[in-house]
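Quick note: the coordinates plus some simple rules give every number you see, no bench work behind them. Bear in mind that the values here come from a model prediction, so they are computed numbers and not experimental data. Virtual Cβ from ideal backbone geometry, glycine too; neighbours counted across all protein chains shown.
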Amino acid sequence: MNESGILGLLLVIVNFFISYKGFNDTHFFDKYKFNVDKILISKEYQRLITSGFLHGSWLHLIFNMVGLYGFCNLLEFELGIVSVLIIYAISLLGGSLFSLYVHRAHGDYSAIGASGAVCGILFAAIALYPDLKVGFPIIDISLKSWIFGILFLIVTLLGIKSGKGNIGHEAHLGGAVIGMMTALIFVPSALSENITIILLILIPSLAFMLLIYLKPEFLLVENYFGKPPVKHYNIDHKFNEIKVDKQNEIDRILEKINKRGIKSLSKKEKEFLDNN
């Protein structure tokens, strides 16, 4: 049993360092974020992993790191550094792959954040410690981890179906399922000890994922919000709005060149075109 608790701290440090770099360097950010076209067409598969260490804001980063640090240390005491690192990595990759599958037809879809990996760590902890108390920082409420897990799952499934908001529910679900299943491989006795709770989480999750695979049109059907789901851009922020705005400006400038010639461009327009 490892009692150093060092892995959680190291992962937080790495996430802070890379995210801070991304905050201050848009080229770095764009180079390593999750983007469907860049992954499927340009075959930049490293984005499936690197995107999990970028964040859209300090709040986004801190929220993920608080959850990661607490649950990662708990698992490390039980499983050791190597096992928890495997859970983290495979959950991150699993969340990214599921997002890639769901959004494979949305070439402009981009995403960032450690949420998939954090959900994997969280649901691994739920599989091993279903009666663990999960508290909420602002409100004085705590729930047993298995209750929190089921509520989280319901919100996630409804979120994927609705396509409402800028949250990467697909990465959450993929990471959570992979994390829980990987934890059960490391501690198979937990399956028999906590089988009811584990099945309550895994069965609807896997059934939902199978439904998406067999009936992809399911995500296009109008939903309880009364609007068809919007699936063309981001999860935790609105970075694709910037991308769309840039493309619209490029189109406008090119149209101006076509009609009036390149000499009609202002200095600012020329600089914009050179930089994009």
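A few notes on this one:
- Note on Ile154 and Gln46: their simple-model spin labels are 4.3 nm apart, each label 7 Å out from Cα toward Cβ.
- Among Ser91, Ser264, the ranking by other beta carbons within 10 Å of each residue's beta carbon, starting with the fewest, stands as Ser264, Ser91.
- Exposure proxy order (Cβ contacts within 10 Å, fewest to most) of Ile178, Ile201: Ile201, Ile178
- Under-5 Å amide H pairs with Glu44, H placed in peptide plane, nonlocal only: Ile39
- Residues Ser83, Ser57, Ser96 in ascending order of nearby Cβ atoms (within 10 Å, fewest first): Ser57, Ser83, Ser96.
- Pairs exceeding 32 Å between alpha-carbon atoms, taken from Lys21/Lys215; Lys43/Lys259; Lys38/Lys256; Lys38/Lys144: Lys21/Lys215; Lys43/Lys259; Lys38/Lys144.
- Between Leu214 and Ile185, the C-beta separation translates, for a Förster distance of 35 Å, into a calculated FRET efficiency of about 0.85.
- Cβ-derived FRET efficiency at R0 30 Å, Leu59 paired with Ile203, nearest 0.05: 0.30
- In this structure, the amide hydrogen of Phe34, modeled 1.01 Å from its nitrogen in the peptide plane, lies closer than 5 angstrom to those of Ser51, Ala111, counting only residues at least 5 positions away or on a different chain.
- For region 6-236, the fraction of alpha-carbon pairs in successive 5 Å shells from zero, as %: 1, 7, 14, 19, 20, 17, 12, 7, 2, 0
- For Tyr129, no residue whose modelled amide H falls within less than 5 Å of its own remains once neighbours fewer than 5 places apart on the same chain are excluded.
- For region 1-43, the square roots a ≥ b ≥ c of the C-alpha gyration tensor eigenvalues yield an a/c of 1.5 or more together with a/b not exceeding b/c, which makes the shape oblate.
- The gain in end-to-end length when the Lys256 to Ile13 segment is fully stretched comes to 82.7 nm, 0.36 nm per residue minus the alpha carbon separation.
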